[in-house]
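Reviewing the structure listed below.
Since every read-out is calculated from the coordinates, none of them should be taken as a lab result. Just so you know, these numbers come straight off a predicted model, no measurement behind them. Quick reminder, even Gly has a Cβ in these numbers, built from the backbone with ideal geometry, and neighbours come from all protein chains shown.
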């Protein structure tokens, strides 16, 4: 059927969102309990229960409830740095002057904590098979920098990385692994939960995640000593004394008992949310199967949580598109489209999508940092290969990919309209 978005559809009366919280009622019960018992601060039954459930669900021994996932990642990095290199002088970070291998195509919260602790991120290119850190590129990076002893990797959009391979590579080189599972809570690799593979890991309860506390996160570990250390650092590193005694730098990172009440009420619904997200993904895959696009890849042996459904347009089906650091332009072409055209069309009809994460080596603040591909080539500030000539995968996915409206409350009928709008972009 030939049609155009302009003459077939009216904008959605209610916005179709990328991802929003889904509340059930138990959340208010536990929040009210915090209120009526007056445990409103950073201690209480809700926090204790969230930490117990989080550890149990992730398949680790301990969880530490924190104000956000970035705080959890920061304390993961600090713990790893001190474990590797000892406690630094008070004016230095735990990784001062040391290189750390980091996922390239991710949200910057994955690696900013490395910089907090004085480290230098070296970015590892993405692989097409998983849209996550490329194990082959990681091996090349260790060949270039055998002194590196810490790797920070993320699972993108709830679709697991080849984390078993990455963990084996780290072990072979005597390196610790930090697993950013912010987007992948509930996803599994060969039956094992994301967040259980790293020496340290972090999960997120941000407002648009699989389950939410409006904010919050947890640090995951199998070490009681490290869990207790993280709790101490998260409460301004106060020493065990009758007065406020401080011997090291601390942070105001602890989760509140009110936020924990929301998380506690959400946990029983995690599998339900994952099933709803999976249904959204499968409807997209079916509805877009005759277009020159491919949905998020699923690695064999993994079960995603399907947090965000995304697609990548075939190279030959891309119309011309250029991007600056803040703007994008495209030239329409019959039978072809591009992320900018699709996102602008969705926005015009009151539906929310967004671009794929822009790789870190392309970000203005990190353009001077090295990025290693599977051929071992390094990119310079202009993002051109110094040697090799092979286009980096992450930049290519960013150029051709986008995230689709993935709200678990989106009705099939509204999703069908989104699918038709995407079809119209290729007319």
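Please list, by residue number, everything in the range 407-427 whose backbone N is under 16 Å from a paramagnetic label point 7 Å out along Cα→Cβ of residue 10.
Inside the label zone: 414, 417.
Relative contact order, percent, of the range 26-269 when contacts are C-alpha pairs under 8 Å separated by at least 6 residues?
Answer for the range 26-269 is 29 percent.
In square nanometres, what is one fourth of the surface area of the convex hull spanned by the alpha carbons of the range 26-269?
Result: 12.9 nm².
In degrees between 0 and 90, to the nearest 10, how far off the longest principal axis of the chain does helix 163-172 point, with axes built from Cα atoms?
The angle comes out at about 50 degrees.
Please work out the FRET efficiency for the pair residue 208 and residue 171, using the Cβ-Cβ distance as r and a Förster radius of 51 Å; give the result to the nearest 0.05.
It comes to 0.90.
Looking only at the chain, where both bridge partners belong to it, what percent of the DSSP beta bridges are antiparallel (to the nearest 5)?
If I count the DSSP bridges inside the chain, around 60 percent turn out antiparallel.
Report the label-to-label distance for residue 333 and residue 249 in nanometres (one decimal), using points 7 Å from each Cα along the Cα→Cβ vector.
5.0
Using only the alpha-carbon atoms, how far is helix 45-58 inclined from the longest principal axis of the chain? Give it as 0 to 90 degrees, nearest 10.
So the inclination is approximately 60 degrees.
Whole number please: convex hull volume per residue, Cα atoms of the range 26-119, in Å³.
Once divided by residue count, the hull of the range 26-119 is 145 Å³.
Run the quick spin-label model on residue 22 and residue 411: label points 7 Å from Cα toward the beta carbon, then report their separation in nm to one decimal.
With each label point 7 Å from Cα toward Cβ, the separation is 1.6 nm.
Using the scaling law 2.2 N^0.38 Å as the reference, what is the normalised Cα Rg of the chain?
Relative to the 2.2 N^0.38 Å estimate, the chain comes out at 1.01.
Springs between alpha-carbon pairs under 10 angstrom, Gaussian network model over the chain: which of 16, 43, 258 fluctuates most?
Fluctuation is largest for 43.
Only helical DSSP H runs with n ≥ 4 go in: add -39500 (n - 2.57) per run for the chain, normalise by residue count and round the 222 nm mean residue ellipticity to 500 deg cm²/dmol.
Helices in the chain give a 222 nm mean residue ellipticity of -10000 deg cm²/dmol.
Could you rank the peptides 70-79, 402-411, 22-31 by their average count of other C-beta atoms within 10 Å per residue, with the highest value first?
Highest to lowest by the protection proxy: 70-79, 402-411, 22-31.
Between residue 375 and residue 344, what FRET efficiency follows from the Cβ-Cβ distance if R0 is 30 Å, with the result rounded to 0.05?
The calculated FRET efficiency here is 0.30.
Over the range 233-311, consider all pairs of different Cα atoms and compute the Kirkwood hydrodynamic radius from their mean reciprocal separation; express it in Å, one decimal.
16.8
Spin-label point model (7 Å from Cα, Cβ direction): what's the residue 222 to residue 363 distance in nm?
Placing both labels 7 Å beyond Cα along the Cβ direction yields 3.1 nm.
Among 312, 90, what is the fewest-to-most ranking by other Cβ atoms within 10 Å?
90, 312
Just report the Cα centroid separation between the range 218-294 and the range 317-357, whole Å.
33
Give the distance, in whole Å, between the Cα centre of the range 11-41 and the Cα centre of the range 83-128.
With the range 11-41 and the range 83-128 each reduced to a Cα centre, they are spaced 34 Å.
Angle between the Cα long axis of helix 270-287 and the longest principal axis of the chain, 0 to 90 degrees, nearest 10?
Value to nearest ten degrees: 20.
Taking a ≥ b ≥ c as the square roots of the Cα gyration tensor eigenvalues, with a/c under 1.5 meaning rounded and otherwise prolate when a/b beats b/c, else oblate, which class fits the range 13-52?
Prolate shape, in that a/c is at least 1.5 and a/b is the bigger ratio.
In 5 Å bins starting at zero, report the fraction of Cα pairs in the range 132-224 per bin as a rounded %.
Going from the shortest bin to the longest, the percentages are 3, 14, 24, 23, 17, 11, 6, 2, 0.
May I ask you to derive the FRET efficiency for residue 36 and residue 270 from their Cβ-Cβ distance with R0 = 25 Å, giving the value to the nearest 0.05?
Once the sixth-power term is evaluated, E becomes 0.45.
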